[in-house]
Amino acid sequence: MPRTGEMADFGFQRLPLEDKQARVDDVFRSVARRYDLMNDLMSGGLHRAWKNALVTAVDPPRHGPAVGARPFALLDLAGGTGDIAFRVVEAGGAGTRATVVDINADMLAVGRARAAERGLDDTITFVEGNAEALPFPDRCYDAVTIAFGIRNVPRVAAALVEAYRVLRIGGRFLCLEFSQVDVPGLEALYDFYSFNVIPALGRAVAGDAQAYRYLVESIRRFPPPQAFAEMMRTAGFARVSFQRMSGGIVALHSGWRL
Ligand SMILES: C[S@@+](CC[C@H](N)C(=O)[O-])C[C@H]1O[C@@H](n2cnc3c(N)ncnc32)[C@H](O)[C@@H]1O
């Protein structure tokens with residue numbers, strides 16, 4: 001890949017933009033098998049409530065499509081082991097379809113195995129691809145989601161433009177991402193937990209403290225919600241808004257293609 005001289009954050013390190021993806025891929029290759037268990041342990045199960053809030057906002061039709069109408073189609077970017085896709089398909093009626101795109105074959109392999117166990121391999125499609133250059137035509141999805149993925153993508157602006165491009169007119173983009181704690185007193189506790197407990201858990205459960213140190217550091221480097229909302233507007237989204245959850249630990253961003 002040609003060198004542009006641009007730099008990117010990889011956690012607290014700075015490196016050439018072109019090198020970031022390979023480093024991110026190493027992280028998720030290393031943690032893929034224990035990824036879902038670690039999410040439960042690290043968040044005390046809270047990630048389920050955050051993801052449920054996203055699924056409620058996606059609002060897939062519960063009674064399936066009207067006769068002759070096309071089924072509801074979700075695209076979940078950086079969808080990893082498929083958590084969001086499973087939840088949307090289970091919340092929606094018959095006919096709801098989901099496509100999971102992720103750049104990491106190991107994360108997708110876990111997702112495919114989970115789909116097969118649940119008998120959902122015809123309903124959810126797993127595609128290896130880069131959120132910055134999606135292998136899909138324009139305007140083919142009713143909703144595009146990305147959960148805890150966007151901060152790992154080197155060219156965030158390019159991924160937002162792609163999300164907008166593949167959305168149908170009237171479709172909604174939802175992005176769940178860690179944010180900035182806004183409750184006095186919670187910050188010190190959250191920092192202690194993030195920088196001490198999470199890497200130790202990562203070492204004990206996934207055998208990789210460094211990967212979880214990166215995940216924690218990358219949260220601190222992600223833009224504040226107002227700045228991310230501005231990036232969404234620049235990509236073309238309308239009615240952009242965000243909602244903080246759990247004292248600002250997480251924010252749910254929303255925008256529409258109108
Ligand atoms: C923290 S995981 C989130 C997985 C899933 N969305 C969830 O909420 O459980 C981040 C995912 O982003 C993926 N990822 C990183 N860079 C990407 C890119 N450029 N395009 C697509 N996926 C990417 C990683 O492979 C990883 O599976």
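The values are calculated or read from the model by the stated rules, or taken from the named source; none is laboratory data. In this text the structure is predicted, and so the values were computed from the model without any measurement. Here Cβ is always computed from backbone atoms with ideal geometry, including for glycine, and neighbour counts include all displayed protein chains. Just the protein is used for accessible areas: all its heavy atoms, side chains included, with ligands, DNA and RNA removed. Shrake-Rupley method; radii C 1.70, N 1.55, O 1.52, S 1.80 Å.
Per-structure values
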quantity: Value of relative contact order over the range 171-258, rounded to a whole percent, pairs C-alpha under 8 Å and six or more apart; calculated: 44 percent
quantity: Apportionment of accessible area to carbon and sulfur, the range 112-252, percent (1.4 Å); calculated: 54 percent
quantity: Among 89, 4, 69 the positive-end extreme of the charge dipole of the chain (Cβ point charges); calculated: 69
quantity: Linear extension gain, residue 49 paired with residue 18, 0.36 nm per residue minus alpha-carbon span; calculated: 7.7 nm
quantity: Projected label distance in nm at residue 195 and residue 158, using a 7 Å step from Cα toward the beta-carbon; calculated: 3.3 nm
quantity: Estimated [θ] at 222 nm from DSSP helical runs (n ≥ 4, -39500 (n - 2.57)) normalised by residues in the chain, nearest 500; calculated: -12000 deg cm²/dmol
quantity: Fully extended contour minus Cα-Cα distance, from residue 66 to residue 138, at 0.36 nm per residue; calculated: 23.6 nm
quantity: Distance between modelled label sites at residue 188 and residue 204, nm, 7 Å Cα→Cβ extension; calculated: 2.4 nm
quantity: Diffusion coefficient, µm² s⁻¹, Stokes-Einstein with Kirkwood Rh over alpha-carbon pairs of the range 9-136 at 37 °C and 0.692 mPa s; calculated: 207 µm²/s
quantity: Extent along principal axes [Cα atoms of the range 139-258; Å; largest to smallest]; calculated: 45, 33, 20
quantity: Ellipsoid equivalent to the chain - semi-axes via the Cα gyration tensor, in Å; calculated: 28, 21, 19
quantity: Distant-in-sequence amide H partners of residue 11 (H built 1.01 Å from N, under 5 Å); calculated: 218
quantity: Fraction of beta bridges assigned by DSSP in the chain that are antiparallel (%, nearest 5); calculated: 45 percent
